[in-house]
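Only one structure is covered here, and it is reproduced in the block below.
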Amino acid sequence: MIKYLLKILVIFFMLSSFCFAKNDDANLQKEYGSDLTKAPFFLRFDFYKQYNKDWSVTSYLERKNFLAAYQKDLIVQQRQEKAEAKARAQQEKALLRQKQAEERVEKARLKEEQDAEKAEKKAEAERQKAFDQEVRAERKALQEEQKSFEQERQQQQQQTQQ
């Protein structure tokens, strides 16, 4: 008795598992109707162009094959577009990196020029300072000579007066 009950249960579970099996037509039927006649105009027109046959006089199998091929092509096209977009994004990133590198090089060059200009100005300021000190020293020496010359002249005048 238990054997029969177990056999019946096994058979019941096996038969009920078939209803959970994947139905490939389910997506197509959900989107295009149960008999696949509610396809958009562009698909019906494309079918007419390919097979020279009106959509309404086709069989379910023809419609199913055409729509399945269309969806497969659509998926392939979307993947290809995604890959192309990714490649474009990578190319743009590479260009951006290259541009940033060029900008860094340009900034470094400008900084070197500014540093060289500052060093040149500093050297010029030091030369000017040294020149000014020399001029002051010469003026001071000249003033001292003039003082000494005047003192000598005064001494000579005093000696000549005596």
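The values are calculated or read from the model by the stated rules, or taken from the named source; none is laboratory data. Just so it is clear, the model here is predicted, and its values are computed rather than measured. Here Cβ is always computed from backbone atoms with ideal geometry, including for glycine, and neighbour counts include all displayed protein chains.
Among the residues here, Gln154 does not qualify as surrounded by fewer than 10 Cβ atoms within 10 Å (Cβ to Cβ), assigned to a helix (DSSP H, G or I) and over 38 Å from the mean Cα position of the chain (by Cα). Candidates in the stretch 39-48 are the residues that are within 10 Å of Arg63 (Cβ to Cβ) and without any contact (Cβ under 8 Å) to a residue 24 or more places away in the chain; of these, the one that is surrounded by the most Cβ atoms within 10 Å (Cβ to Cβ) is Phe47.
Does Ala141 count as part of a helix (DSSP H, G or I), modelled with pLDDT under 95, aliphatic (A, V, I, L, M) and surrounded by 10 or more Cβ atoms within 10 Å (Cβ to Cβ)? When the stated conditions are applied, Ala141 passes them.
With assigned to a helix (DSSP H, G or I), at pLDDT below 95, basic (Lys, Arg) and closer than 30 Å to Ala39 by Cβ as the only criterion, which of Lys64, Lys53 stands out? Spell out how you get there, then give the answer.
Numbers: Lys53 fails: assigned to a helix (DSSP H, G or I).
None of the others qualify; the one that does is Lys64.
For the subset of the stretch 48-91 comprising residues that are closer than 22 Å to Ala26 by Cα and acidic (Asp, Glu), which member is nearest to the chain's Cα centre (by Cα)? For the stretch 48-91, the residue satisfying everything is Asp73.
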